[in-house]
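The block underneath contains the structure these notes are about, expressed in structure tokens.
No value in this document is a laboratory result; all are computed from the given coordinates. Keep in mind that this is a model prediction, so the values were computed, not measured. In this analysis, Cβ positions are derived from the backbone assuming ideal geometry, glycine residues included, and neighbour counts consider all displayed protein chains.
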Amino acid sequence: MKFGAIILATIASASAFSNPTANSHTTRNSMALNAESVPLANGSMSFNRVCREWRCKYDGDKSTSESLEAISKVLDECLPEIKKASKDITINRLVCGGCLDFKLMMTLPLADFGPWEENGFAPESDFLEKIKAIDGVSLVETQTITNMVIN
Ligand SMILES: *[C@@H]1O[C@H](CO)[C@@H](O)[C@H](O)[C@H]1NC(C)=O
């Protein structure tokens with residue numbers, strides 16, 4: 001089962017009021033939860049934005065790394081298509097100079113995440129294929145994770 005489908009199933013069970021457990025959570029946290037939020041941790045947390053992360057390791061020195069520079073060119077190429085995933089997308093670029101991590105985190109409203117997943121997180125396969133081909137890039141991975149700003 002895909003993550004989006006799990007979320008939609010969770011929303012359906014939480015909003016149908018046929019499930020006493022989900023209903024009590026919704027009631028108890030009515031101040032914290034809006035209609036589109038999905039409860040976590042017995043209702044102590046909720047989320048309505050989901051993140052897709054693409055990550056890898058680059059090599060060399062962060063200031064001069066050729067592999068990191070090549071990644072940035074792939075990103076520039078892909079950015080317009082990534083932005084099409086949602087009008088309300090947040091794109092974070094994370095670079096660690098010590099552990100040589102490069103991460104791109106795309107966070108979308110729940111309602112837009114399912115359709116993007118159905119679409120293969122376009123242009124994910126293209127992006128991953130291009131960075132895998134860069135000399136010095138390794139450990140190319142993806143992850144789906146909820147991502148809420150809480151301050
Ligand atoms: C989970 O939520 C229910 C309903 O509010 C509460 O009664 C119960 O104590 C909670 N469980 C834990 C482990 O806190």
Per residue, how much space in cubic angstrom lies within the convex hull of the C-alpha atoms of region 64-144?
-> 93 Å³
At R0 = 25 Å, FRET efficiency that the Cβ-Cβ distance of K83 and N42 yields, to 0.05 | 0.10
Summing +1 for each Lys or Arg and -1 for each Asp or Glu, what net charge is found among the other residues whose Cβ lies under 13 Å from the Cβ of S67?
-> -1
Neighbours of L110 by Cβ distance under 12 Å: Lys/Arg at +1, Asp/Glu at -1, summed charge -3
Rounded to the nearest 0.05, what FRET efficiency do I145 and T64 have when you use their Cβ-Cβ distance and R0 = 30 Å?
-> 0.45
